[in-house]
Amino acid sequence: MTEDWRLLVSFLPADWRALAAETGALKGLRKDKSEETLLRVLLLYLGSEHSLREAAAQAKDSKLADLSAVALWKRLKKSKEWLRALCIDLMRERGIDLSKTSGFQVRAVDTATVKEAGKTGSQWRIHYSLRLPSLDCDSFRVTEMAGRDTGESLSSLSIKEGDHVLASWPYSTAADIHYVATAGGRVIVPLDAEMLTLRTHEGRPFDILTALQLVRSAGTVQSWRAKAVDQKGGAVEGRVCALRKSEAGIWLAHQTLRMEGLRRDQPLQPESFEFGKHVTVFSTFPVASFTDVDILEWYRIGWQVELAFRRFKSIAQLGHLPKRDDEGAKAWLYGKLLVALLVEKLISHASSTAPWGYQLKAPGVPQSRE
């Protein structure tokens, strides 16, 4: 346990202790007033299937801290800003450049399904929106898996004038795009031809496959004006932006498609392979302020955030989801994301420093034996 903790600490941001003081995470603690002890106790809860009561008992057995489940919950809530700050630093290490956010509000929107521990554990859907680059969680909602207002929809969010939304594929629908546009916001979504009906500026059906065949060389970017049309005939003006992948990228995309087809036991359509050759998005970001390359760069940033949250979605399965305390739920989200980012960093580092998986001291100059 001591050896593993020393290794884990080496993957934390260099100023992790200072951040605890700056964010007030230690304020009010009477016992065990140490950044190290607090973080170990929090990770014991966040990185396991333990309930608060079980995590508190484990902390006591491990001689980390003698506290109740209620006290542990209070410590988690008090540590919300500390956990968020650690996540921001680890996101920056992933090379996510969000310096372009000056002057407008960017929000990354997604959902995750959580099945609580145990044979009879309930399933829940969490809906969240994060501001970039601050990672401020400005919307966190827990719903059941079925029923009214439980699906993946941007209409569950409060959109403000000037919001620029980066949404994942479940939100690639005309209804979601119309909702954001009506509220005065802008959106970028990956293009799903089965979910989104598009028409040309003149009102004819938009033939996306024919358009994509014109983008033939790797790195080529092209765009077309298009309208997202809903079932009632309403239309929102935007543009389709496409980027041709490299041959290696195309091969990987096609392999993924084949594996998905085998998993679903469904034959793949030729159109799927054509789509797999490109990155294609629909955007309502204004042309005057955002070039086609800007749109794709913002999509790339959103995708990098999504990669981190894919790991978060698996880590979120561990433990019990807080459903009745908004501030505690946000702290829980940051804590789970921190665990996910650390896991990603550990895996990447272990792969690059094989065969033993950790750094040795810098090698010295070989000494002569003569």
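Every number here is computed from the coordinates shown, using simple stated rules; none is lab data. Owing to the predicted nature of the structure, the values given are computational and were not obtained by experimental measurement. Neighbour counts run over all protein chains shown; Cβ positions are idealised from the backbone, glycine included.
Result for the chain in a Gaussian network model with C-alpha springs under 10 Å: among Pro170, Pro355, Pro13, the largest mean-square fluctuation is at Pro355. Which residue, Glu144, Glu327, Glu247, has the most motion in a Gaussian network model of the chain that connects Cα atoms within less than 10 Å? So, out of Glu144, Glu327, Glu247, the one fluctuating most is Glu247. Can you pull the Kirkwood radius for the range 1-83, inverse mean 1/r over Cα pairs, to one decimal in Å? After inverting the mean inverse Cα-Cα distance, the result is 13.0 Å. Say the cut-off is 19 Å between C-alpha atoms; which of Lys33/Lys77; Lys160/Lys232; Lys74/Lys313; Lys27/Lys313 go over it? Correct reply: Lys160/Lys232; Lys74/Lys313; Lys27/Lys313. Ordered by the count of other Cβ atoms within 10 Å of each Cβ, fewest first, Met259, Met195, Met91, Met145 give Met259, Met145, Met195, Met91. The share of Cα pairs per 20 Å bin across the chain, counted from zero up to the longest distance, runs 25, 52, 22, 2, 0 percent. With helices as the sole contributors, the chain gives -12500 deg cm²/dmol at 222 nm; each DSSP H run of n ≥ 4 counts as -39500 (n - 2.57), and the sum is divided by every residue. Counting every C-alpha pair in the range 183-329, the share spaced more than 25 angstrom apart comes to 41%. Translational diffusion coefficient of the range 149-190 (Stokes-Einstein, Kirkwood radius from Cα pairs, 20 °C, 1.002 mPa s): 212 µm²/s.
Restricting the trypsin sites (Lys or Arg not before Pro) of the range 200-251 to loop positions (DSSP other than H, G, I, E, B) with no more than 11 neighbouring Cβ atoms within 10 Å leaves Arg216, Lys232.
Sorting Asp110, Asp136, Asp61 from the fewest to the most surrounding beta carbons within 10 angstrom yields Asp61, Asp136, Asp110. For the chain, the longest principal axis of the alpha carbon atoms and the long axis of helix 69-78 meet at an angle near 60°. Residue order for Tyr45, Tyr179, fewest other beta carbons within 10 angstrom first, comes to Tyr179, Tyr45.
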